[in-house]
Amino acid sequence: MVVAIDGPAGAGKSTVGRGVARALGYRYLDSGALYRAVALALIEDGGAPAERARAARVDVGDRVKLDGRDVTELIRGPEVSELASKIASMGEVREALLVRQRELVADGDWVAEGRDIGTVVAPEAELKIFLTASPEARAHRRAQELGADWRTVLHDQAIRDAQDSERAHSPLRPAPDAIELDSTDRPAEDVIAQVVGLVREAQRR
Ligand code: DC
């Protein structure tokens with residue numbers, strides 16, 4: 001079974017995805033970590049994005065590893081966020097990372113989160129969630145995580161939202177059969193419980 005959770009940055013995909021995976025004993029794929037790890041590799045070593053995406057050995061378990069090195073914290077910085085969004089608009093980079101994501105979710109039960117899981121990576125997913133929240137709520141959450149000023153986060157977020165939604169390759173948009181949930185003003189546990197309920201319903205179908 002694959003549960004796809006897509007949506008913009010700060011909507012709560014990671015918290016909800018991890019919570020649902022834990023509640024059900026499923027594995028969890030943070031697909032954004034793949035784009036981030038490749039962006040970090042480019043910042044550190046340069047090179048052509050598509051080549052680096054094909055060559056990078058990225059392990060996205062509990063800790064994120066790039067060619068064997070733990071980069072879990074390093075990939076969360078603003079410079080990496082910005083470059084990850086840029087290279088995520090490149091068709092060849094997406095192709096390279098798509099192969100890896102499909103290999104991962106091919107076996108077993110997964111909660112996979114990102115921007116194009118329900119539309120491109122796993123269009124056959126048994127349950128697709130499109131998780132949103134107001135731009136202000138998303139910026140507040142990210143600012144708290146990063147210890148940054150929320151207005152700065154709101155500004156950067158608007159640029160990334162536009163880049164992620166308007167790109168030609170796999171833009172951020174809900175799959176036609178996705179269930180849209182709005183997490184504004186809702187505690188994470190509440191959304192997690194709702195998604196777990198939806199998974200149980202999907203299992204009965
Ligand atoms: O979810 P995140 O912020 O860690 O994702 C980092 C960047 O990668 C983000 O700008 C969008 C991109 N991304 C994508 O294009 N497709 C995915 N499935 C996951 C992330």
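The values are calculated or read from the model by the stated rules, or taken from the named source; none is laboratory data. This structure is a prediction, so every number in the text was calculated from the model and none was measured. Note: ideal-geometry Cβ built from the backbone for every residue, glycine included; neighbour counts use all protein chains shown. Just so you know, the surface numbers come from the protein's heavy atoms only, side chains and all, with ligands and any DNA or RNA stripped out. Shrake-Rupley method; radii C 1.70, N 1.55, O 1.52, S 1.80 Å.
Some points to look at:
- In this structure the amide hydrogen of residue 132, modeled in the peptide plane, comes within under 5 Å of the amide hydrogens of 181, 182, 183, none closer than 5 places in sequence on its chain.
- Per-atom-type breakdown for the chain gives carbon and sulfur 50% of the accessible area (1.4 Å probe, protein chains only).
- Relative intensity, log₁₀ I(q)/I(0), of the chain from a Debye sum that treats every alpha carbon as a point, q = 0.10, 0.12 Å⁻¹: -0.39, -0.57
- Accessible solvent surface per residue of the range 1-121, calculated while the other protein chains remain in place, 1.4 angstrom probe, Å²: 42 Å²
- Quarter of Cα convex hull surface for the range 142-205, i.e. mean projection, nm²: 6.3 nm²
- Take residue 65: with every protein chain present and a 1.4 Å probe, its accessible area is about 80 Å².
- Estimated distance in nm for a label pair at residue 188 and residue 145, the labels positioned 7 Å out from Cα along Cα-to-Cβ: 0.9 nm
- Over the range 28-141, the fraction of Cα-Cα pairs per 10 Å bin, rounded to whole percents and listed from the shortest bin up, is 13, 45, 34, 8.
- Largest-first principal axis extents, alpha carbons of the range 1-74, Å: 40, 25, 23
- Partner lysines for residue 65 [C-alpha distance under 24 Å; skip if fewer than 8 residues away on the same chain]: 13, 86
- Annotation for the range 1-27 versus the range 90-159: alpha-carbon center distance of 10 Å.
- Mean residue ellipticity (222 nm) of the chain, computed from DSSP H runs ≥ 4 via -39,500 (n - 2.57), nearest 500: -16500 deg cm²/dmol
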